[in-house]
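Undergrad: Can you read through this structure? Questions will come right after.
Please treat every number below as a calculation from the coordinates, not as lab data. Only a predicted model underlies this, so the values are computations on that prediction, with no experimental measurement involved. Because the Cβ atoms are built from the backbone with ideal geometry, glycine has one as well, and the counts that use them run over all protein chains shown.
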Amino acid sequence: MTDHMPDDLSAAGRDMRAYTDELRPRHGVARNVDGEWVLLRHELVVQAALSDDRFSSAVSSHLHVPNGMDSAEHTAYREALDRFLTPEALAPFREKFRRVAADLVASLPRGVAVDAVSQVGVRFAVRAQSAWLGWPADLEDRLVDWVAENHAATRSGDRSWTQRVAESFDDLIRSVLEPRRGAARDDDTDDVTAQLMRTEVNGRPLTDAEIVSVLRNWTGGDLGSIAQCVGVLVHYLATHPAVQDRLRSGVSDAEIDAIINEILRIDDPFLSNRRVTTCPVRIGGVEIPQGARVKLNWTSANRDEAAFGDPDALDPERNADRNLVYGIGKHACPGRLLATMEMRIALQELLAATSSIVLEPQQPAERAVSPVGGWAKVAVVLA
Ligand code: HEM
């Protein structure tokens, strides 16, 4: 029996979660139209993520710090960068994020449709990330436009458009770095961006290209992720009133974090990451040649019946150990604490300032289509 799908099957234009739910029972490994080998089952995704010697992250000819690095080089950059994302480093931002969330929620209209993705998720993600990095508030609209264009370019599959969008983001980042050059040298401005500009790896300061790449990975990809996650979370609460009530009843931070992680496991909008094989590999009964492109499909792995039973059953305690929303292994998400803190605060403020969140019945929620996950639009009414 062949264990991979025919090459002409494509996820384009489809809801990736629904599509991989169909494929996963029959195929542990699938082959997409781009010739990539897609790992769909939990066990296989974990295996590949942990075998980083055979599944390299050096998938791109462009610089990606630290995402596109392997081995000792990757470890050195992670050590230098992870210190920005520890509980101690993030604690001072808690109140800033709370203010951002409270102001945003206060500005949302009551009794009419509000889109949880564009009006809540994207705005909150951009404002919270800017507060963290020390970026000026007047960049907000440019960043919001960038998130939308990045999604559109990714969806189109047009590589030259994706490239132009990436370059426009780099220009935006450079405009943030420029005024900090003097200040960064003088130690006057001590925001996260200025600290990053002073960071050393292997005894030498980061180059300009490296700083831009780090900021691109900290913001470019993750503004979109946090925005999509907020859309998933609000949709879940609007459609699961018992869970909404439970969160309204004043649960601890740890409990709300566990519920957030579990909702995101059920509907993980961060779809996949790439690898390239460094040698011929046999995985899931399939022979993959050296130099082949492989995708770790987190969304599918997080719903694998073999690991979780009913993928839609909310069971934070039982499923926490197997949850792959933030990946696993050396490349596991360094931004997990920041992302969790931001989403927890966004939900707490949204719940504190409302007595109910329901779907707007006239405007059905729309799923996002591959290669974007989660929801494209979630119209809710706040009361
Ligand atoms: C809810 C939001 C987020 C989700 C679901 C998420 C998910 C992930 C996942 C699954 C990986 C593993 C990638 C791999 O194995 O190739 C990852 C890596 C990464 N994430 Fe996140 N992330 C989120 C937010 C953030 C934030 C806020 C930051 C930074 C401020 C961040 C920075 C990174 C970086 C730099 C990597 C690459 C790490 C490496 O290659 O060593 N992420 N993320």
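Undergrad: In terms of Cα to Cα distance under 12 Å, which aspartates and glutamates are near enough to Lys295, apart from those fewer than 8 places away along the same chain?
TA: Asp34, Glu36
Undergrad: Pop a pseudo-label 7 angstrom from the Cα along the beta-carbon direction at both Glu36 and Arg83 and give the gap in nm to one decimal.
TA: So the label points at Glu36 and Arg83 sit 3.4 nm apart.
Undergrad: Output needed: percent of Cα pairs per 10 Å distance bin for region 189-238, bins running from 0 to the one holding the longest distance.
TA: Final binned percentages: 22, 35, 23, 15, 5, 0.
Undergrad: Could you tell me what fraction of 2.2 N^0.38 Å the Cα radius of gyration of region 1-160 comes to, as a two-decimal ratio?
TA: Ratio of Cα Rg to 2.2 N^0.38 Å: 1.35.
Undergrad: Still on this model: Give me the mean projected area, in nm² to one decimal, of the convex hull enclosing the Cα positions of region 294-361.
TA: For the Cα atoms of region 294-361, the hull's average projected area reads 7.2 nm².
Undergrad: To continue, here is another question. In terms of the ratio Rg/(2.2 N^0.38 Å) built on C-alpha atoms, what value belongs to region 224-279?
TA: Here the Cα radius of gyration is 1.45 times the empirical estimate.
Undergrad: Run the dipole for region 286-383 about the Cα centre, Lys and Arg Cβ at +1, Asp and Glu Cβ at -1, nothing else charged, and hand back the magnitude in debye, nearest 20.
TA: 420 debye
Undergrad: Per DSSP H run of n ≥ 4, the term is -39500 (n - 2.57); total these for the chain, divide by its residue number, and report the mean residue ellipticity at 222 nm rounded to 500 deg cm²/dmol.
TA: It comes out at -14500 deg cm²/dmol, rounded to the nearest 500.
Undergrad: By counting other Cβ atoms within 10 Å of each Cβ, how are Cys333, Cys279, Cys229 ranked from fewest to most?
TA: Fewest-to-most ranking of Cys333, Cys279, Cys229: Cys279, Cys333, Cys229.
Undergrad: Under 16 Å from a point placed 7 Å out from the Cα of Glu167 along the Cα-to-Cβ direction: which residues of region 56-92 have their backbone N that close?
TA: Hits in region 56-92 for Glu167 at 16 Å: 62-63.
Undergrad: May I pose another question? Which shape class applies to region 75-160: rounded if a/c is under 1.5, otherwise prolate when a/b exceeds b/c and oblate if not, where a ≥ b ≥ c are the square roots of the Cα gyration tensor eigenvalues?
TA: Cα axes put region 75-160 in the oblate bin.
Undergrad: Taking the Cα centroid of region 106-140 and of region 222-242, what is the distance between the two, rounded to the nearest whole Å?
TA: 14 Å
Undergrad: Loop-only GluC sites (Glu not before Pro) in region 203-266, please: DSSP not H, G, I, E or B, and at most 11 other Cβ atoms within 10 Å.
TA: The qualifying sites: there are none.
Undergrad: May I ask you to sort Asp138, Asp158 by Cβ crowding, counting other Cβ atoms within 10 Å and putting the fewest first?
TA: Listing Asp138, Asp158 from fewest to most nearby Cβ atoms yields Asp138, Asp158.
Undergrad: In debye to the nearest 20, how big a dipole does region 247-308 give about its Cα centre with +1 on each Lys and Arg Cβ and -1 on each Asp and Glu Cβ?
TA: 460 debye
Undergrad: Return Trp298, Trp218 ranked ascending by Cβ neighbour count within 10 Å, so the fewest neighbours appear first.
TA: Ordered from fewest to most neighbouring Cβ atoms within 10 Å, Trp298, Trp218 come out as Trp218, Trp298.
Undergrad: Next up: Find the all-direction average of the projected area of the Cα convex hull for region 2-382, expressing the result in square nanometres with one decimal place.
TA: 18.6 nm²
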